[in-house]
Structures are given as C-alpha cells and as structure tokens.
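A.B. asks: My structure is below; once you've seen it, I'll send some questions.
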Amino acid sequence: MQFPKAEISAVKQLIESSKNIVITTHHRPDGDAMGSSLGLYNYLKLKGCNVNVITPSDYPDFLTWLPSNDVVINFEAAGHTAKELVNNADLIFCLDFNWLSRVEGMEGLLRSAAAKKVLIDHHLDPENVYDFVFSFTEACSTSELIYRFIDALGDVKMINKDIAECLYCGIMTDTNSFRYSSMKADVHRIIAELMEAGAENYRIHERVYDTSTENRLRLLGFSLKEKLTVLPEFNTAYLALSQSELEMFNHKSGDTEGLVNYALSINGIKFAAFFSEKDGMIKISFRSKGNFSVKEFSGKYFSGGGHKNASGGRSDLSLSDTLKKFLDLLPVYKNELNSVE
Ligand code: 5GP
Ligand code: MN
C-alpha cells in the first residue's frame, strides 16, 4: 500500500498553503470515522494549520473521550457554522466514505464547495468528485490510512499520544478488536508504534466497550431474547427493532452498534442482518462470513454498500414490509448461502 509520491507532494503543498481546512466524515460516524478525523485533526493542529472537524450527525457517547472531541461541529445541530466553514475552506478532507451521498444532509454543501477535496478511504468504488483520491480497499480502516498518510508526508515522528489514541481507536473498532482478515501483520506493527507513542490500549478498550448504560445492556438482552430470528435453512439470522421498542430503552446513538455481530456469532450462520426503525426510515446493517458479499446484496436491494463482509443499507418501506422484502429474497440466495466456505 503506497501513497503515490506526486500526489502526496501536491497535497503537502495544499496543506501548507491552505488558510482553512475542513475534515469531514460519513453520517452517523463510527469509531473509525471519528478516530481518523480526530487523528488527522490533531496532526494538522500540531503542524499549525487552521482546521475544523464537521460531522454530518451526532455519534455515540463511547467516542466522546477522543482527544479534541470538543472541537467537533455537528452539522445537524450547528448547520449555519458548518456551512460557513465549508464555504470558506480551501481544502476539505473526506474520510471513511466514498460516495458524497454518505454525508446525507451535507451532500449539497460539499458538492458545491469550491475547496479542493481529498478523499482518504477504504471502501470500494469511490465517486469521481475528488481532486485527490487515496483509496485503498485492502486497508483495515481509514485510521490505518491516516497513519500511512502522516508517514508518507514524512511526519511519523510527530505522532503523539493524542493522535495515537485516535488512530488506535479507529483500527480497533473497524477490525472488531483486531480479529478480521483485514488485520494484517503490518497493522499490528502500526498498533505497536501507536502504543509506543502513548496510546494506552487497555484504557481505549475500556472506554469504548465497557461504558454502556444499563439501558443499552437491557436493550441487548431484550433484542437477543425476544427479537432474534434464526433461519438455519438459509444460514441466516436477523434482528429487527421498531422505533417504539427502541424508545422503551431510551435508545441513544450507538446503543445498537455491534448488535448484528451477535446474530453472526451463531454456529453455522453466514449472513446476519439488523433492522432498526427511525423517523419512518429503516436503517439496515448486514454482516457475513466467507464469500457471501453483503456489499452486493445491500447495493442491489437496499440502496447501500460498504465492504464484502460488512455493509449497510436503508429502506423507505415500513419495518414489516422491509422484513418481507428481505425474507422473500433469501430463497434466491439459498444455494449460495448453503455453500459458503
Ligand atoms: P454499519 O452496519 O456498521 O452501519 O456499516 C457497515 C459498513 O457499511 C460500513 O463500512 C459503512 O461505511 C457501510 N455503510 C453503512 N450504511 C451504508 C449506506 O447506507 N450506504 C453505503 N454505501 N454504505 C453504508
Ligand atoms: Mn472505516
């Protein structure tokens, strides 16, 4: 994975000459989106840049300990400020997404921005709207790419505790604690470097994974006991939560993060889905084991995308009609699902 030299030196000049830099990421940012954004933010700050981080929406409480979290501007809560910053920017970094539609309500603003746009991402098929594209699908996370980007700029020695904690968090969350096949030996070496730069691994794990509210844990219990459907004939399991069920547990952003992985953890299950209802829209998470591509499945039927084994999508149908659509599709994939290696 090599960042091309010519592009790196052009972006280096852009960073040096830009008066205002904006970093943004996808809607409902996850650990990698926030870790890569704040990792890059803390690095550019150290370089003396004037830089702001704008998220298209809020994000889970278990990410608010990230160094410099307090500077983040949420477009949904502070649209006016966000607009001004984007319109005055010379340079915009787009992190952890490939299509501009992934920023939802911010899409028009970003599309019409005069600033140069740099994409750093690890999803397939980036949209052709960026001035510079650093897209590596073999990377485990965008946070890994930010480490490599800083390295390519010749500044790896500048990685301090703050930057290291952000990048550690992004790599940890996008690899489900270093367990996916994307977690190569090289990335373990990067993790070692981040620990030597000050990232305290045990604290980061604790802050992300051991800070649930009681409500969140009880929602998990309810979901697994009452809302999990297992379909062995299709090697499939899924969970679905209506808005009123979520409200019973005073649901907050991030409370259902990781729920879909429980469905996938059942022996023999190759395909898992999680459906949640919010404001008349159904958000879906898909996960798979082996060669069944949930990226293709969500792209084809649920206006989504992502990676081969982890993707997301949406549906404008009601929750029950969405489930019916999903269940009607399973027979089409029965042979494929039954033969997953
Ligand atoms: P999650 O299920 O955790 O929300 O998302 C899993 C993966 O799918 C992530 O890599 C995420 O970027 C991608 N993803 C989630 N929702 C969407 C979506 O609506 N559209 C696209 N293209 N990708 C998505
Ligand atoms: Mn990511």
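The values are calculated or read from the model by the stated rules, or taken from the named source; none is laboratory data. These numbers come from a predicted model, not from an experiment. Note: ideal-geometry Cβ built from the backbone for every residue, glycine included; neighbour counts use all protein chains shown.
A.B. asks: Does the stretch 207-214 contain at least one residue that is within 16 Å of ligand 2 (Cβ to nearest atom), touching a residue at least 12 places away in the same chain (Cβ under 8 Å) and either of a type in the set (A, V, I, L, M) or assigned to a helix (DSSP H, G or I) (or both)?
C.D. replies: So in the stretch 207-214, the residues within 16 Å of ligand 2 (Cβ to nearest atom) come out as 208.
With touching a residue at least 12 places away in the same chain (Cβ under 8 Å) added as a condition, the list becomes 208.
So of that shortlist, the ones also either of a type in the set (A, V, I, L, M) or assigned to a helix (DSSP H, G or I) (or both) come out as 208.
Yes, some residue in the stretch 207-214 is within 16 Å of ligand 2 (Cβ to nearest atom), touching a residue at least 12 places away in the same chain (Cβ under 8 Å) and either of a type in the set (A, V, I, L, M) or assigned to a helix (DSSP H, G or I) (or both).
A.B. asks: What single numbered condition from (1) without any contact (Cβ under 8 Å) to a residue 12 or more places away in the chain; (2) within 16 Å of ligand 1 (Cβ to nearest atom) fails to hold for ASP328?
C.D. replies: Condition (2) is where ASP328 drops out.
A.B. asks: Taking ASN261, is it within 16 Å of ligand 2 (Cβ to nearest atom) and surrounded by fewer than 17 Cβ atoms within 10 Å (Cβ to Cβ)?
C.D. replies: Judged against the criteria, ASN261 is a match.
A.B. asks: Another question, if that's okay. Right, SER36: touching a Cys at 6+ places or on another chain (Cβ under 8 Å), hydroxyl-bearing (Ser, Thr, Tyr) and at pLDDT 95 or above or not?
C.D. replies: When the stated conditions are applied, SER36 passes them.
A.B. asks: Kindly establish whether GLU226 is more than 29 Å from TYR333 (Cα to Cα) and more than 25 Å from the chain's Cα centre (by Cα).
C.D. replies: no
A.B. asks: Output the residues belonging to the stretch 1-33 that are surrounded by 22 or more Cβ atoms within 10 Å (Cβ to Cβ) and charged (D, E, K, R).
C.D. replies: ASP32
A.B. asks: Hey, does the stretch 147-161 have a residue that's closer than 30 Å to LYS270 by Cα, surrounded by 19 or more Cβ atoms within 10 Å (Cβ to Cβ) and not assigned by TED's automatic domain parsing to the domain that holds PHE275?
C.D. replies: no
Per-residue answers, yes or no, for (1) over 18 Å from the mean Cα position of the chain (by Cα); (2) in a helix (DSSP H, G or I); (3) without any contact (Cβ under 8 Å) to a residue 40 or more places away in the chain:
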position: CYS166; (1), (2), (3): no, yes, no
position: ARG216; (1), (2), (3): yes, yes, yes
position: THR256; (1), (2), (3): no, no, yes
position: ALA273; (1), (2), (3): no, no, no
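A.B. asks: Taking helices (runs of 4 or more DSSP H) that fall entirely within the stretch 1-106, which contain at least 3 residues that are of a type in the set (A, V, I, L, M) and within 16 Å of ligand 2 (Cβ to nearest atom)?
C.D. replies: Here the list reads 31-46.
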